[in-house]
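Trainee: I'd like to ask some things about the structure below.
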Amino acid sequence: MVLFPVLLMLFALAMERVEFRLRRLTVREQEVQEFLDKASHDDVATLAQEGLPRALARFHLRRKRGLSDDDDVDLTERRAS
């Protein structure tokens, strides 16, 4: 009986940590819509392989640099070699 409140408190603390991580990983609907409207084939491949946070980061980096899809492929090929 005495153990139940302690276990309940530990469970609540664990759930708080999980909630904090999930809140940090959330993406705004506007970002997802922009990604779906303007993503290149490589961006979609990154989404499938590495998940949405990495795909959005790559997409925003490419847009920030003002690269076209072809330039992005060249940049990726240079990094791979």
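The values are calculated or read from the model by the stated rules, or taken from the named source; none is laboratory data. From a predicted model like this one, the values you see are computed outputs, not experimental measurements. No Cβ is skipped: glycine too gets one built from the backbone with ideal geometry, and neighbour counts run over all protein chains shown. Just so you know, the surface numbers come from the protein's heavy atoms only, side chains and all, with ligands and any DNA or RNA stripped out. Shrake-Rupley method; radii C 1.70, N 1.55, O 1.52, S 1.80 Å.
Trainee: When region 23-38 is examined, which residues are found to be in a helix (DSSP H, G or I) and either open to solvent by less than 100 Å² (accessible area, probe 1.4 Å) or under 13 Å from residue 52 (Cβ atoms) (or both)?
Mentor: Within region 23-38, 25, 29, 31, 32, 33, 34, 35, 36 meet the criteria.
Trainee: Can you work out which of the residues in region 39-81 that are among the hydroxyl-bearing types (Ser, Thr, Tyr) and outside any helix (DSSP H, G or I) is modelled with the highest pLDDT?
Mentor: Once the filter is applied, the top-ranked residue is 40.
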